[in-house]
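Here is the structure we will look at, set down as structure tokens.
The values are calculated or read from the model by the stated rules, or taken from the named source; none is laboratory data. Predicted, not measured: the structure shown is a model, and the values here were computed from it. Counting neighbours? That spans all protein chains shown, and the Cβs are built from the backbone with ideal geometry, glycine included.
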Amino acid sequence: MVRGHTVDFSGLLAGGRRTIEVVDETPIEGFEGIRFERPADVQLELRYAEGWLEARGTVVAHAIGDCDVCLEPVAFDVHAEVDERFDPHAGREADPFGEGNVIVGGRIDVADLAQQVVLSALPMGVRCAEHSNEKG
């Protein structure tokens with residue numbers, strides 16, 4: 001098991017290991033009025049198969065945003081499944097906006113991966129319990 005925001009996966013490429021388990025807590029930056037007051041819980045399994053670095057697992061973040069109707073704060077969990085494949089030899093240096101932009105010099109940036117999957121799992125709008133059944 002590895003803790004830290006970047007993980008060296010060279011042991012997988014060399015065949016010395018079959019998998020790497022990653023358990024981490026990583027901060028998530030706020031986005032469009034939604035904030036994250038504590039780190040997200042990250043659990044991943046990294047595996048090298050058929051020329052790809054595979055990352056599978058979950059990221060759970062506790063978010064707070066304002067209700068789109070009454071503007072009262074609403075707390076909610078964001079549960080994001082991770083099922084990604086990356087070219088381990090390409091990375092942020094080659095294409096900072098490409099699919100492999102979480103790969104940096106033989107390491108996977110767990111914090112960046114968590115940030116991306118949590119933001120992609122955010123709801124389009126936030127509603128409090130009182131307004132959750134209203135059409136908007």
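Laid out as a table, the results:
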item	result
Flag if Arg38 is more than 14 Å from Glu84 (Cα to Cα), within 16 Å of the chain's Cα centre (by Cα), free of Cβ contacts under 8 Å to residues at least 60 places away in the same chain and outside any strand (DSSP E or B)	yes
Among (1) under 15 Å from Val117 (Cβ atoms); (2) in contact with a Leu (Cβ under 6 Å, 6 or more places away or on another chain); (3) among the aromatic types (Phe, Trp, Tyr) - the single one Tyr48 does not satisfy	(1)
Subset of the stretch 11-35 that is among the charged types (D, E, K, R) and under 22 Å from Ala80 (Cα atoms) - its residue that is surrounded by the fewest Cβ atoms within 10 Å (Cβ to Cβ)	Glu32
Where Gln43 falls short, out of the listed (1) polar (S, T, N, Q); (2) at pLDDT 95 or above; (3) farther than 15 Å from Thr6 by Cα	(3)
From the options Arg38, Arg47, residue that is within 22 Å of Gly105 (Cα to Cα), in contact with a strand residue (DSSP E or B) (Cβ under 9 Å, 6 or more places away or on another chain) and of a type in the set (Lys, Arg)	Arg47
Residue match in the stretch 110-123 (condition: under 15 Å from Gly33 (Cα atoms), at pLDDT below 95 and in contact with a Cys (Cβ under 8 Å, 6 or more places away or on another chain))	no
Selection within the stretch 61-104 - surrounded by 15 or more Cβ atoms within 10 Å (Cβ to Cβ), small (Gly, Ala, Ser) and at pLDDT 95 or above	Ala61, Ala63, Gly65, Ala80
